[in-house]
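Computed from the coordinates by the stated procedures, all read-outs in this text should not be read as laboratory data. The structure presented is a predicted model; accordingly, all values stated were derived computationally and were not measured. Every residue, glycine as well, gets a Cβ built from its backbone with ideal geometry; the counts of neighbours run over all protein chains shown.
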Amino acid sequence: MSWGTASVTPPFGHPVADTPSSVVSSPSATSAELVVGQRAIFALGAAYRSRLNGLYMATFFVGGAIGSGLWGWAMARGGGR
């Protein structure tokens with residue numbers, strides 16, 4: 001698989017075999033990062049917790065929306081080649 005000048009070799013060597021591993025690992029990593037981030041936020045005092053958690057969740061949401069938009073744009077431009 002090649003994107004521009006960078007060449008990417010899938011871990012198992014075949015895109016179809018790599019799809020299940022990506023489907024499992026990506027949401028798991030996202031959930032783990034969310035738990036670790038909120039653990040750090042809830043360790044703070046009550047005065048900071050609410051606003052900081054709201055900002056954290058909003059940032060998580062906006063990042064996901066931007067990523068989804070960029071993915072859609074990339075698929076429209078280049079497809080799954």
How far, in nm, would the chain grow between residue 62 and residue 31 when pulled straight, counting 0.36 nm per residue and subtracting the alpha carbon separation?
9.6 nm
Could you tally the net charge around residue 41, taking each other residue with its Cβ under 13 Å from the Cβ of residue 41, Lys/Arg +1 and Asp/Glu -1?
+2
